[in-house]
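Asks: Here it is, the structure, as structure tokens.
The values are calculated or read from the model by the stated rules, or taken from the named source; none is laboratory data. On a predicted model such as this, the values are computed, not experimentally measured, just so you know. Virtual Cβ from ideal backbone geometry, glycine too; neighbours counted across all protein chains shown. Surface accessibility is based on the protein's heavy atoms, side chains included, excluding ligands, DNA and RNA. Shrake-Rupley method; radii C 1.70, N 1.55, O 1.52, S 1.80 Å.
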Amino acid sequence: MDPQISIIVPSRRRPERLNRLLDRLGRQIGVDDHAFEVVVGLDDDDGAVRGLTVRRDPFATRFIPLPAVGISAAKNAAIADARGEILLLLNDDVEPQPGFLAAHLRAQSAGHEVVLGASPFTRRPDANVFDALVAGTRMIFFYSDLIDGGRYDFRHAWNLNLGVHRALLADLDPPFEEELRPVFFDDIEFAFRLIGRERRVYYATDAHAPHDHRYGFADYFEREALLGVM
């Protein structure tokens, strides 16, 4: 029997992040372990993460070792191997809360075929002013602007926490444009081809998975420069 959800994770040489993500997924409530699987596209795998295949997770987990193909190709490889009717795209540095998967399933069951879960930046005990700016403004993401149950356009389809009904991908070949390298805008370009300008991205705050990615001042401006290149 195929799972309902295939969790798609692109990852590049970050086994510690993958271990933590898989541990979090193993603590889900309100959903059976057989209802989901995890498929990881290992971009630029150098063998260091293959030890993860000996894990004993209660759910099915598959790792796809790849050369340095980029994030879009890693997602495409994982999607091609996936068996679920719902594809849940996650970053390897999010922290799914216990009711996370059940919330995605509820939203999909209610007829919302593109579901954005909440992934605000992780709160830190040593947070500084710059952390507060990144978390509470539109500098990177703009979760603070979104309303639970609201509908938004393709520019909100961030892949760090996005569920998509597989049937929508029928005409996308490939789902992600692999020429968009090295990073950025792969998710927005994908979403535009998926739904056009329609407001079909449904925001579900209870599909909660905080984003553990800290930006310093220099990191932020390096990111902005690369965004300009892309």
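Asks: Looking at the stretch 196-225, which of its residues are loosely packed, with under 12 Cβ neighbours inside 10 Å, in contact with a Phe, Trp or Tyr (Cβ under 9 Å, 6 or more places away or on another chain) and farther than 30 Å from H104 by Cα?
Replies: Hit for the stretch 196-225 is F217, nothing else.
Asks: Also, I was wondering about something else. Can you pull out every residue in the stretch 82-111 that is of a type in the set (D, E) and surrounded by fewer than 16 Cβ atoms within 10 Å (Cβ to Cβ)?
Replies: E85
Asks: In the set G84, G111, which member is on the phi > 0 side of the Ramachandran plot and at pLDDT 95 or above?
Replies: G111
Asks: Looking at the stretch 20-38 only, could you name the residues that are within 14 Å of L90 (Cβ to Cβ) and in contact with a Leu (Cβ under 9 Å, 6 or more places away or on another chain)?
Replies: If the condition is that a residue be within 14 Å of L90 (Cβ to Cβ) and in contact with a Leu (Cβ under 9 Å, 6 or more places away or on another chain), then L21, L22, L25, Q28, F36, V38 are the ones that fit.
Asks: When the residues of the stretch 119-178 are narrowed to those that are under 20 Å from L101 (Cα atoms) and β-branched (V, I, T), which ends up most open to solvent (accessible area, probe 1.4 Å)?
Replies: Looking at residues that are under 20 Å from L101 (Cα atoms) and β-branched (V, I, T), I get I147.
Asks: Checking the structure you have, find out if any residue of the stretch 54-76 is of a type in the set (A, V, I, L, M), touching a helix residue (DSSP H, G or I) at 6+ places or on another chain (Cβ under 7 Å) and either closer than 18 Å to F36 by Cα or part of a strand (DSSP E or B) (or both).
Replies: Yes, the stretch 54-76 contains at least one residue that is of a type in the set (A, V, I, L, M), touching a helix residue (DSSP H, G or I) at 6+ places or on another chain (Cβ under 7 Å) and either closer than 18 Å to F36 by Cα or part of a strand (DSSP E or B) (or both).
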